[in-house]
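A.B. asks: So that we are looking at the same thing, I have put the structure below in structure tokens.
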Amino acid sequence: MSTLAPPRLRLECLAVWRRNALVWRRLMAASLLLHFGEPFLYLLGIGYGLGRFIGELDGMPYFTFLASGFIAWSAMNIASMESMWSVYTRMVPQQTYEAILSTPAEVDDIVIGELLWCGTKSLVSGSAILAVAAVLGAVNDWDALLVIPVIFLTGVCFAAPGLIVTAYARGYEYFNFYMTLIMTPMFIMCGVFYPVSSLPGPVQSVVEILPLTHAVEIIRPIVVGQPVTDLALHLGALALFGLVSTWAATILFRRRLIT
Amino acid sequence: MTTVAADKDHTPVVVHCRDLCKKFGSSTAVADLSFDIRPRTCFGLLGPNGAGKTTTLRMLLGQSPRSGGILEVFGQDISHGRRQIRQRIGIVPQADNLDPDFTVKENLSMYGSYFRLNPKVLNERIPGLLEMVELLPRANHRINTLSGGMKRRLTLARALVNDPQLLVLDEPTTGLDPQARHMIWSLIHQMKRAGKTILLTTHYMEEAERLCDELIVIDEGSLLAQGSPTELIHRYCESDVLEIRGDVNEICLDTLPDTWRTEKAGESLYLYADDAQALVDFSQNLADMVCLHRHASLEDVFLRLTGRALRG
């Protein structure tokens, strides 16, 4: 098989997903505290606090604007951290993948299994924020639950570039570059805190093509209960970004693990 | 139908390897290695650190693509039948890679799930495996509570979870105390009696002598010698050795018979000869030195073939 071939989907990837899910279940209490507690504090502190000065933004209370942006950001953030720090831990110090690769499971199964797992973690975290936002009164309709598959997709799409970075990583410090140079700018500029339309023209056209912007553009209206404009465009852009990154991550992981 | 490589008795071989090569960039890790492993035998792969043993094992498992040559396992080319082949192989790797996030028992069931084994079959098989490696009382303990020997035993049990036909053991007893080592040896014998084929790498020549029916010695990726332990001793070494320690520089070597072979290493002098009595007689004249007379072993063969220089 060529190392450049697209990833192959096999049932073994579910065994990799299941492994991570079982480990997570053991640490669930601490993890859930983080997923519910953090957004609760952030939304209260920034959403209400800052919201009192801002009032409304894009036709919704600032609190709602921020909560929906946070859901998209958290999907990106949780999946990226899992696909870098946790995957690296399994790959290098724990040698978990070496053990898996002496069974019929292949590199592709590891990559796909990890992507699905990162998406799952994003889903848990995003849903927690959605729940907190709903409790605090930012969500008005059950239709907001439609956002859950989008959160999962967003997680998978951001896990793939995380895996690309991990495939090159020689240590945990390596991830700081990606976090500082790629993730933080997107967090600040892609419409989580303020509308992308308020950015100066040239910056705006760059920010508009970034994947987090597309995720925010889908997630916010669904949470708020507004129709999504250009749904196919945003979904397509996000999916394309995810697919290309997944393919690249698979190639790079084959090179890293099969030497 | 594919032709399955067979040995001279026409029994199909488990591993068939011809002119196997592995290059990393410009450096050669394995060069033109050829050997066959017959079913139900224990085959030893011996060599100093960095000789290419682990690289060879990784190629055999499809974890490392070969640069050239033929490599077939169970009659299938490794580059095409990798997944089917791994379904029938169990491996004990050199470095521990048990899953620290799980208990002893969960390690086996998780590993079994990568083979897509039926959970029911696994639940039946696991207690037996744990009992065999004497870890049943620790079934629900976490990995970090186990000693090095227990971890190795668990890794062996894990390698058997898919009931493999070929068991690959990469230095299975390195770093273990004598008790644990003897237990692993007895388990390997048990596996052989159960009809499994075993591929073993080791640094312990005593271990190879005890366990292996056939072995190869490699160094710098090339084959140096091949045969059964006794054959190799006969072929490459005199039958007896006299080890002399002390002020060995004072011993006059000029008068020794031509058929004797001498070797100096630091403070020690080794005299190799087929005439045991003559060696003993010679040692009587060395009053101030420590003399040890013994039969030649695989270790003497190994050192003769690979030299005494230290390896990285």
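A.B. asks: What helices (runs of 4 or more DSSP H), lying completely within the range B:221-312, carry at least 3 residues that are closer than 30 Å to B:Cys17 by Cβ and modelled with pLDDT of 90 or more?
C.D. replies: Answer list for the range B:221-312: B:229-236, B:298-306.
A.B. asks: Examine the range B:124-140 for a residue that is over 19 Å from B:Asp163 (Cα atoms), at pLDDT 95 or above and in a loop (DSSP other than H, G, I, E, B), and state whether such a residue exists.
C.D. replies: There is at least one residue in the range B:124-140 that is over 19 Å from B:Asp163 (Cα atoms), at pLDDT 95 or above and in a loop (DSSP other than H, G, I, E, B).
A.B. asks: How many residues does the range B:227-270 contain that are within 16 Å of B:Ser283 (Cα to Cα), aliphatic (A, V, I, L, M) and surrounded by 14 or more Cβ atoms within 10 Å (Cβ to Cβ)?
C.D. replies: Qualifying residue count, the range B:227-270: 7.
For every residue, the table says whether it meets (1) away from chain A (no Cβ under 14 Å); (2) under 15 Å from the mean Cα position of the chain (by Cα).
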{"residue": "B:His16", "(1), (2)": "yes, no"}
{"residue": "B:Asp19", "(1), (2)": "yes, no"}
{"residue": "B:Ser26", "(1), (2)": "yes, no"}
{"residue": "B:Val30", "(1), (2)": "no, no"}
{"residue": "B:Leu33", "(1), (2)": "yes, no"}
{"residue": "B:Thr41", "(1), (2)": "yes, yes"}
{"residue": "B:Gly44", "(1), (2)": "yes, yes"}
{"residue": "B:Ala51", "(1), (2)": "yes, yes"}
{"residue": "B:Arg58", "(1), (2)": "no, yes"}
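A.B. asks: Quick check on B:Val133: is it buried (at least 20 other Cβ atoms within 10 Å of the Cβ) and touching a strand residue (DSSP E or B) at 6+ places or on another chain (Cβ under 9 Å)?
C.D. replies: No: the conditions fail for B:Val133.
A.B. asks: Also, quick follow-up: If B:Gly69 passes every condition in (1) of a type outside the set (D, E, K, R); (2) farther than 15 Å from A:Thr96 by Cα; (3) facing chain A (nearest Cβ under 7 Å); (4) assigned to a strand (DSSP E or B) but one, which one does it miss?
C.D. replies: (3)
A.B. asks: Return yes when B:Thr174 is of a type in the set (S, T, N, Q), assigned by TED's automatic domain parsing to the domain that holds B:Arg125 and in a loop (DSSP other than H, G, I, E, B) and no when it is not.
C.D. replies: yes
A.B. asks: Quick one: in the range B:102-117, of everything that is touching a residue at least 12 places away in the same chain (Cβ under 8 Å) and assigned to a loop (DSSP other than H, G, I, E, B), which residue is farthest from the other protein chains (Cβ to nearest Cβ)?
C.D. replies: B:Leu117
A.B. asks: Working only within the range A:84-115, note down all residues that are in contact with a Pro (Cβ under 8 Å, 6 or more places away or on another chain), crowded, with 22+ Cβ neighbours inside 10 Å and either at positive phi or not in a loop (DSSP other than H, G, I, E, B) (or both).
C.D. replies: Hits for the range A:84-115 are A:Ala99, A:Val111, A:Ile112.
A.B. asks: Moving on. Which residue, of B:Ile91, B:Ile126, B:Ile78, is assigned by TED's automatic domain parsing to the domain that holds B:Phe35, closer than 25 Å to B:Asp177 by Cβ and in contact with a helix residue (DSSP H, G or I) (Cβ under 9 Å, 6 or more places away or on another chain)?
C.D. replies: B:Ile91
A.B. asks: Continuing with the same structure: Looking at A:Leu123, is it buried (at least 20 other Cβ atoms within 10 Å of the Cβ) and modelled with pLDDT of 95 or more?
C.D. replies: Considered against the rule, which asks whether it is buried (at least 20 other Cβ atoms within 10 Å of the Cβ) and modelled with pLDDT of 95 or more, A:Leu123 comes out as yes.
The values are calculated or read from the model by the stated rules, or taken from the named source; none is laboratory data. These numbers were taken from a predicted model, which means no experiment stands behind them. Reconstructed Cβ throughout: ideal geometry from the backbone, glycine too, with neighbour counts over all protein chains shown.
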